[in-house]
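**Q** Okay, handing you the structure first.
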Amino acid sequence: MAETLLWILPLVPTATALAMLTTRDRRILSAIDVGSSAVLVALTLALAREVEAGGPRSLGVLRVDDLGLVFLLLLVVLTLAVSIYTVGWLRQAVAVGNMNAGTLHFYFALVHAFVATMVVAVLADNLGVLWIAMEGTTITSAVLVGFHGHRYGLEAAWKYIIVTTIGISFGLFGTVLVYAAAAAVQGGAGAMSWSAIMQVAPALDPSIVRIGFIFVMIGYGTKAGLAPMHLWLPDAHSQAPTPVSALLSGVLIKCALLGIIRFQTIAAAACGAAFTEEVLLVFGLISIVVATPFILAQRDLKRLLGYHSVEHVGIVALGLGFGGTVGTYGALLHVVNHGITKALAFFAAGTAIARYGSRDMRAIRGLLAVAPIGATFLMLAALSLAGMPPFSIFVSEILVLRGGIGHAHWVAIGIFLAMVVVIFAGLLHHAGAMAFGRPSAAAGRESEAWTPLLAMLLLAAIMVLLGISIPASVDGLFRRATEVVVG
Amino acid sequence: MNAESVYTIVDDLGALLLFTMILIIAAGQIYRAIYAVAAQSLLIAIAGGVLAMATGNVDLWVIAGVTLGVKAIALPWVLLWVVRRMNVRREVEPVIPVAATLALAVMVVVMSFHLSTSLGPVRQAITGNALPVGIALTLLGVLVMATRKTALHQMVGLFASENGIFFTAMAVTQGMPLIIEIGVILDVILAALVMAIMVLRVRSTVDADIASLDRLRG
Amino acid sequence: MTGERPLDLVLLEMALLVLLGPLVTGTIQKLKARLQCRQGAGVLQPYRDLAKLFRKGTVQADTASGFFRTIPVLVLAATVAAGALVPVVQAGPPAIPFGDALLLLGLLALARFLTAIGALDTGGAFGGMGASREMTIAPLVEPVLMMVVFSTAVAAGTTELGALAAHRGSSWILDWHAADFLGFAAMLVLLPSETGRIPVDNPDTHLELTMLHEGMLLEHSGPGLGCMLLASHTRQIVTLGLVSALFFPVAAYGTDVTGLLLGAAAFAAKILVLAIYLALVESSYAKLRLFRVPQYLAIGFVCALTALALRIL
């Protein structure tokens, strides 16, 4: 049963992508979109139950374990939310001419192809397949980033495809090196399979794995948006259509993190955990420090959220770098929390931007007066992103900190805390200015569309729930996933 | 063919690969760079053939053939087609002078060799100088992409970079699994097509080279 | 089968180089003409030019010093001396060791220096310009030549050309080390520059904007110009001989007459191949603008340095 699910899961979005090409009616397209995403969620939940009962399953080059399941759940939940959001967003975008009604089927097909590549990336056991799927996400999402077709969109798309493709070639090189090390130990067939490599990992040649891990770190780190390889991220996030921004920030960069974690486990076994932790720590700290000034000085709302993703990916890397059960648990939890919250933030920001017709935060004023519900969600997302209790990000940041204290990384903790406080102030300043005050003349007065609000409600509910108390089943999943990483 | 002569041939091909890479870096006009990268892919295909003969690995024959067809013929053809469509013959000054880029290239090459000699036992797992040459090609491809402000040059740099990885992957004792290599090549083709379409689209809408757009910053 | 080369053989080889130098130039000119669909002058034309020049009288600028008259002789002497260091028909060190590849490069550099001094001596504008350009290019070429020599010398453990050629034995291209490919590539890049040809220099023109080497010869006339031209011919064949000694095996056929003839024939074939290469390059490329030349030569530099790195690392 679980094995069947493994190949059905990537097949669903692929088939959906093809089905999208057969029609041009917006309503039908949206219906297929939401329906397919719902099916994906249902299948994933079924798979999660199977795995909880029977442990990891594998089928050919695909494999699901608890670690992959965490990312898969995040992926499908966000896909569903994005689908629901897209219904209302698209109606408005087509009305004002942001989206061309004639090319909608391509848009939907690409979104589902993008989702399909991400599903494969999450489920891949074979490191080569992982790489192919990651490159596939680049190709599909690059077209989506430039989908608006104006010069800024295309500029962002070009920067995105070039920077991430360079990066990901490094990832391939790292994969080849790890494969070379594994092939020398166990020979041919299984040497690319992560689960097979893990069994012989302590016997691998540490020097070659070390170089390989650094290549992978740079490669998949580019894709994950770790500084200083993050150059594509703010551009792509700000220029992409809002639902795509949410997918990029919420899931795609997390998939790249999963790639890093897979190699981290191999490298930690082959050359000792101290090495991988140090590398992750350095990249994490650089990301947090680099992102801060850009967040403070930002005027473009979606760029702000983009730089904010750099910071949070940095926090995840920091958590992994602190290591130990607590730090890793916190990092994995942060992956999910940030994905959910950032998607919510993009949704709320997208509707606000559509209402004011500008991404400039100085133009967006008095949102609470014209769109009270949307403004509330925007404030909630901002508070959560800034790390306020009782929202979920507060919990995972505290856990990451706790992990750091456990391993006495005082300098890193100091830098981390200082930056988080600065960003807290900056973010609340930006969000407060947008929500309160007198609405500017440019503000549209139309009533709020209900599907985007529904999507936001779904995400906000998860966000608050995970912040207040983590359900036992979810907690169990995270604990087992942490075991996969820490061993 | 005995192991020793395979070793030598792979080494020699590595040297020729470095030479084509130097030509790509030094090329002023884009079509010369395209010819150089095509020659480079041809050399990779030859390396694949030689290793296939030596190891008796049928997969490597397939990979060599696909490399020849796709990277040495099809992709350069696509690039030349784009060049004709865009009608660019003009030389574009790089970001930093070519001579300086070449100096950097020397440093990269020396560093790669130094790095892989410091590794020691790795050399058993990967034939000959394939590791340092592969690292050097990958980094030099990135160097080309970083110092050139035209889209086509950046694409050439990308292909050169990927050639480096392929060279190393072929020389890994067992060879990479066939299905993975094919998937990688497919990805490369798709990426190239998407890039070519973007380049032409920007050319037709704003009449600029996509790589020279620089409004997004901060 | 690579004994020492007796002194008389060395002298014979040197004479051969000087005698055949103009022929190589003539051949290249002829090949170029045919490639450009022209009839072209016969391959012996350079000999006729030289014969004519040696019959003429000398006209000299008033501003030139007495030293100017001796320049052509000194240049020719230095170049011919360099020719003595190149193994032609047989590999192996000469019986009386009198120099190696570095001395050869030094002698060529000396000839170049003297030429430039002579050009400056008359105070003419073109001469000065040619000299300054030549001296801009030379420092870019000479170190690279030296690196190529070193990259092969590291393997052989000697810089003596005859011994180098002997060390390489009669192995063909299949036995080349990876560094040899890069070193040879560097040589191919540098050859047009060393022989004063397109894309670095243009031997056929006397336009002030384009010429390097020719600019320095403008003030010479009669037998003096003849010596200078003969020196350029010799320099060209010496450079080609250096390349073939470094990279193409110098066959050792024995010291009897047939062996020597075979060796000479092999040498001629090698020089012909390089001459064809030069003619092809000259026909298919345009001359580079002067400030592009360093960029072109940098290709050779990088190749040579990489070759050296490959040898040492």
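**Q** Could you pull the Cα extents of segment C:7-312 along its three principal axes, largest to smallest, in whole Å?
**A** 55, 43, 41
**Q** Just checking the output field for B:106-112: average partner chain Cβ neighbours within 10 Å of each residue's Cβ?
**A** Per residue, the number of nearby Cβ atoms from other chains is 4 on average.
**Q** So how many Å³ per residue does the convex hull of the Cα atoms of segment A:384-487 work out to?
**A** With only Cα atoms used, segment A:384-487 gives 144 Å³ per residue.
**Q** May I ask which residue of B:Leu131, B:Thr20, B:Leu213 lies farthest towards the positive end of the charge dipole of chain B, with charges of +1 (Lys, Arg) and -1 (Asp, Glu) on Cβ and the Cα centre as origin?
**A** Selected residue: B:Leu213.
**Q** Taking Cα atoms of segment A:1-160, Rg/Rh with Kirkwood Rh, to two decimals?
**A** The Rg/Rh ratio comes out at 1.00.
**Q** So what is the orientation-averaged projected area of chain A, using the convex hull of its C-alpha atoms, in nm²?
**A** Mean projected area for chain A: 20.0 nm², to one decimal.
**Q** Net charge around B:Arg215, counting only other residues with Cβ within less than 14 Å of its Cβ (Lys, Arg = +1; Asp, Glu = -1)?
**A** Counting the neighbours of B:Arg215, the net charge comes to 0.
**Q** Okay, moving on. Within segment C:34-102, list the trypsin sites (Lys or Arg not before Pro) lying in a DSSP loop whose Cβ has at most 13 other Cβ atoms in a 10 Å radius.
**A** C:Arg38, C:Lys56
**Q** Just how large is the dipole of the protein assembly as shown about the Cα centre, in debye to the nearest 20, putting +1 at every Lys and Arg Cβ and -1 at every Asp and Glu Cβ?
**A** 2580 debye
**Q** What are the equivalent ellipsoid semi-axes of the protein assembly as shown, built from the alpha-carbon gyration tensor (square roots of five times its eigenvalues), in whole angstrom, biggest first?
**A** Over the Cα atoms of the protein assembly as shown, the semi-axes work out to 66, 31, 24 Å.
**Q** Oh, and also: Evaluate 2.2 N^0.38 Å with N set to the residue count of segment B:3-212, then give the Cα radius of gyration divided by it.
**A** 1.02
**Q** Right, next: Please identify the trypsin sites (Lys or Arg not before Pro) of segment A:405-487 that satisfy two criteria: DSSP loop assignment and at most 12 other Cβ atoms within 10 Å. Which are they?
**A** The qualifying sites are A:Arg445.
**Q** A further question on this structure: Count charges around A:Leu247 for me, please; just the other residues with Cβ under 15 Å from its Cβ, Lys/Arg as +1, Asp/Glu as -1.
**A** +3
**Q** Check cross-link reach from C:Lys287 to the lysines: straight Cα distance under 28 Å, and skip same-chain residues fewer than eight apart.
**A** Cross-link targets: B:Lys149, C:Lys30, C:Lys32, C:Lys270.
**Q** Next question, about the same structure. So how far apart, in nm, are the two label points at C:Phe291 and A:Met388 if each is 7 Å from Cα heading toward Cβ?
**A** 6.0 nm
**Q** Which value results when the Cα radius of gyration for segment B:36-93 is divided by 2.2 N^0.38 Å?
**A** Normalised Cα radius of gyration, segment B:36-93: 1.45.
**Q** Tell me, how many Å apart are the Cα centres for segment A:251-313 and for segment A:196-242?
**A** Going from one Cα centre to the other spans 9 Å.
**Q** Find the centroid of the Cα atoms in segment C:28-75 and in segment A:26-51, then give the distance between the two in whole Å.
**A** Using only Cα atoms, the two centres lie 87 Å from each other.
**Q** Take A:Tyr85, A:Tyr107 and order them by how many other Cβ atoms sit within 10 Å, fewest up front.
**A** A:Tyr107, A:Tyr85
**Q** Could you please report the charge total around A:Met134, scoring K, R as +1 and D, E as -1 over all other residues with beta-carbon less than 10 angstrom from its beta-carbon? Don't skip to the answer; put the middle values down first.
**A** On the way: positive: A:Lys223; negative: A:Glu135, B:Asp187.
In short, -1.
**Q** Could you let me know the centre-to-centre spacing of segment C:234-313 and segment A:347-367, using Cα atoms, in angstrom?
**A** One Cα centre to the other: 69 Å.
**Q** Oh, and also: Which Cα, out of C:Thr70, C:Gly83, C:Ile28, lies furthest along the positive dipole direction of segment C:4-146 (beta carbon charges, K/R +1, D/E -1)?
**A** C:Ile28
**Q** Could you give me D for segment A:278-487, from Stokes-Einstein at 37 °C and 0.692 mPa s, where the hydrodynamic radius is the Kirkwood radius over C-alpha pairs? Units µm² s⁻¹, please.
**A** The diffusion coefficient I find is 188 µm²/s.
**Q** Follow-up question, since we're still on this one. Nearest 20 debye, what's the magnitude of the dipole of segment B:3-212 about its Cα centre given +1 on Lys and Arg Cβ and -1 on Asp and Glu Cβ? Walk me through the numbers before you get to the answer.
**A** Working: 11 positive and 11 negative charges, 138 e Å.
The dipole of segment B:3-212 has a size of about 660 debye.
**Q** On to the next question. Restricting to DSSP H runs of at least four residues, report the calculated mean residue ellipticity at 222 nm for the protein assembly as shown, -39500 (n - 2.57) per run over all residues, nearest 500 deg cm²/dmol.
**A** Roughly -25500 deg cm²/dmol at 222 nm, from the helical runs in the protein assembly as shown.
**Q** OK, next. Take every residue in peptide A:158-166, count the Cβ atoms of other chains within 10 Å of its Cβ, and give the average of those counts.
**A** 6
The numbers here are math on the coordinates, done by the rules we state, and not lab data. This structure is a prediction, so every number in the text was calculated from the model and none was measured. All Cβ positions, even for glycine, are placed from backbone atoms using ideal geometry, and neighbour counts span all protein chains on display.
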